[in-house]
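Asker: What follows is a structure written as structure tokens; I'll ask about it next.
Rule-based calculations on the coordinates, nothing more; no lab input. All of these numbers come straight from a predicted model, not from anything done at the bench. Methodologically, a virtual Cβ is constructed for each residue, glycine included, from the backbone with ideal geometry; neighbour enumeration extends over all protein chains shown.
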Amino acid sequence: MAWEFETEPEFQAKLDWIKQFCDEKVEPLHHVFPHAVRSPDPAVKAYVRQLQQEVKDQGLWALFLDEDLGGPGFGQLKLALVNEVIGRYPAAPQLFGAAAPDTGNMEMLAAYGTEEQKERWLKPLLAQEMFSAYSMTEPQGGSDPNLFVTHAERDGDEWVINGEKWFTSAGRVADLLFVMCTNGMYVVPRTTPGVEIMPEPRNHNHIIYRDVRVPLDHLLGPEDGAKVLAQRRLGGGRIHHAMRTIAQCQLALDMMCERALTRRSHGQVIAEHQMVQDKIAESYVKLKMLRLLVLEAAWKIDRTSTQEARTEIAAVKFTMSRVLREISFDALHIHGSLGTTDLTPLQDMYAAAPHMGLADGPDEVHKATVARRILKSYRPHDGNFPREFRPYKEQAAREKMQPVLDANPELAKAAENYRRYFAGRRG
Ligand SMILES: Cc1cc2nc3c(=O)[nH]c(=O)nc-3n(C[C@H](O)[C@H](O)[C@H](O)COP(=O)(O)OP(=O)(O)OC[C@H]3O[C@@H](n4cnc5c(N)ncnc54)[C@H](O)[C@@H]3O)c2cc1C
């Protein structure tokens, strides 16, 4: 029997180290120097590097990558357990070299880049000497990649890109833009002439690519390979978001319970009110169910591949936004008026739920994926009645048992009595 719900002691020791490091160093950093990893201040930068060195010394840098690419090569299941810890602290993914959108772009580079491309872009991205963004969605629609029109035309020894992208997260501050074109995935330095970043939205940028020229070697992977690369990128990204969502849901539940035990109303702490208990119990179960779904998906990826675990990843993808929405809403509600302010993380958590339901594709598309893939293992029944139609079942059972009944007249008589009795009760 290989079923296990325990973490091996050596790895648990790593998780304990991560938790302590996050509590003692990462959380204070976040409050004193928000967005420290991107800070231009040399003193802040040096302190961030010092903390990152501690992570590297523990062999925990760039957790999502295999060993030969500079990461510890934990695999997805262990990565899930780590993300359950670091996902609680906004600054932690960057301090561990494991923050989106860079992770997905690095995965693409690691899997499809030439040695030269890896040297030029993967290494500095891994070292956070560069940052990147992923430019896929277009203003006319993001759910359906067949609507995308951004295109690269070959002109001598250059590609000329024309098109428009929408909601490129952190595009404004990226060194590199990974641009999905109808005929391939291209790496475009942000300062290339023709890259125009619109003033709005501020964080998820609207970018015009107007006659943007890049050398031929800025094509990543094969020509016309953009959809394959995008799937590879997004498959990993989706499950990583879900791993961190578990941490956010746990934080919301922790806050809910602490508040319920503290606040009083109508003569008792609110934890004594059954409708509050209902929220706590339901939130606990939703969190557990999400966690098991995520861990099983991660386990399956480790044993097969992202491609083979598509049903599980899609199921996780649409479940996480719902669970985050419901638990963060209940936690916020239990905090009363305080919950509606930005004086706790609850508003941000609740606002993140719709993000989770859209980023990397809307929930509906993932539900359709799950349903289509599940349906593949079924076939329609013949005639008007399903295979579980009781009269069919009984008929088949009688035929199967007939030799036993023939050999045992007492049993045959009892069977006939049963038949008569139950025939009179069916309705
Ligand atoms: C926080 C955040 C970060 C993001 N970061 C990036 C990024 O870095 N790079 C990038 O390229 N994009 C990014 N996106 C964009 C994201 O990929 C798109 O929002 C998503 O693919 C949906 O596209 P859309 O917004 O154009 O919605 P639309 O395609 O207009 O869809 C709108 C709605 O229509 C419905 N719908 C669409 N298709 C179907 C269907 N097949 N069945 C049923 N209903 C359907 C759904 O309700 C859907 O929400 C980000 C989005 C968010 C919210």
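Asker: Using only the C-alpha atoms of the stretch 1-143, find the volume of their convex hull and express it per residue in Å³.
Answerer: Details: hull volume 23.8 nm³, N = 143.
In the stretch 1-143, the Cα hull volume divided by residue count equals 166 Å³.
Asker: Where does the stretch 320-390 land on Rg/Rh, using Cα atoms and the Kirkwood Rh? Display every interim value, and only then the final one.
Answerer: Working: Rg = 20.0 Å, Rh = 15.2 Å.
Over the Cα atoms of the stretch 320-390, Rg/Rh equals 1.31.
Asker: Quick one: the Cα spread of the stretch 171-270 along its three principal axes, in angstroms, biggest first?
Answerer: Projected onto its principal axes, the Cα set of the stretch 171-270 covers 72, 31, 19 Å.
Asker: Sorted from largest to smallest, which semi-axis lengths in Å does the alpha carbon gyration tensor of the stretch 64-192 give for its equivalent ellipsoid, taking the root of 5 times each eigenvalue?
Answerer: Working: eigenvalues 153, 63, 36 Å².
Over the Cα atoms of the stretch 64-192, the semi-axes work out to 28, 18, 13 Å.
Asker: So, one more: With an 8 Å Cα cut-off and a minimum separation of 6 or more residues, compute the relative contact order for the chain in percent. Could you put the intermediate results ahead of the total?
Answerer: Details: 587 pairs, mean separation 47.1, N = 427.
Relative contact order for the chain comes out at 11 percent.
Asker: Straight-line reach from residue 165: which lysines fall under 18 Å, measuring Cα to Cα and dropping same-chain residues less than 8 apart?
Answerer: Of all the lysines, those that pass the test against residue 165 - Cα under 18 Å, at least 8 places apart if same chain - are 227.
Asker: Here is a follow-up. Count the DSSP beta bridges whose two residues both fall in the chain, then state the antiparallel fraction as a percent rounded to the nearest 5.
Answerer: Values: 28 of 32 bridges.
Roughly 90 percent of the beta bridges in the chain run antiparallel, per DSSP.
Asker: Related question: Of all GluC sites (Glu not before Pro) in the stretch 127-230, which ones are in loop regions per DSSP and have a Cβ with at most 12 other Cβ atoms within 10 Å? Can you show the working numbers first?
Answerer: Numbers: sites: 129, 153, 158, 164, 196, 223; in loops: 129, 223.
Here the GluC sites (Glu not before Pro) that fit, given the DSSP loop and packing criteria, are 129.
Asker: Going by how many other Cβ atoms sit within 10 Å of their own, how do 401, 275, 185 line up, fewest first? Write down the numbers at each step before the final one.
Answerer: On the way: 401 14, 275 7, 185 28.
If I rank by nearby Cβ atoms, fewest first, I get 275, 401, 185.
Asker: Next question, about the same structure. Which of the GluC sites (Glu not before Pro) found in the stretch 341-407 are loop residues per DSSP with 14 or fewer other Cβ atoms within 10 Å of their Cβ? Numbers along the way, then the final one.
Answerer: Working: sites: 364, 388, 394, 399; in loops: 388.
Loop-located and lightly packed - 388.
Asker: How are the alpha carbon pair distances in the stretch 227-375 distributed across 5 Å bins from zero to the largest one, expressed in percent?
Answerer: With a bin width of 5 Å, the distribution comes to 2, 10, 19, 19, 16, 12, 9, 6, 4, 2, 1, 0, 0.
Asker: Compute the angle between helix 346-358 and the longest alpha-carbon principal axis of the chain, please, reported from 0 to 90 degrees and rounded to the nearest 10.
Answerer: 80
Asker: Which trypsin sites (Lys or Arg not before Pro) does the stretch 143-247 hold that lie in a coil by DSSP with at most 12 other beta carbons within 10 Å?
Answerer: In loop regions of the stretch 143-247 (DSSP not H, G, I, E or B), the sparsely surrounded trypsin sites (Lys or Arg not before Pro) are 202.
Asker: Specify the inter-centroid distance of the stretch 1-65 and the stretch 120-158, based on alpha-carbon positions, in whole Å.
Answerer: The two parts, judged by their Cα centres, are 29 Å apart.
Asker: Still on this model: Determine by what factor the alpha-carbon radius of gyration of the stretch 132-220 differs from 2.2 N^0.38 Å, reporting the quotient. Spell out each step's value before the answer.
Answerer: Values: Rg = 11.8 Å, N = 89, 2.2 N^0.38 = 12.1 Å.
Against the compact-globule rule of thumb, the ratio is 0.97.
Asker: Here is a further query. Which three extents, in whole angstrom, do the alpha-carbon atoms of the chain cover along their principal axes, largest first?
Answerer: 91, 67, 43
Asker: Just to be sure I follow the definition: excluding the sites themselves, where is the longest run in the chain that has none of the chymotrypsin sites (Phe, Trp or Tyr not before Pro) in a DSSP loop with at most 14 other Cβ atoms within 10 Å?
Answerer: 6-377
Asker: Just how far, in whole angstrom, is the stretch 239-266 from the stretch 325-355 if you go by their alpha carbon centroids?
Answerer: After rounding, the separation between the Cα centres reads 10 Å.
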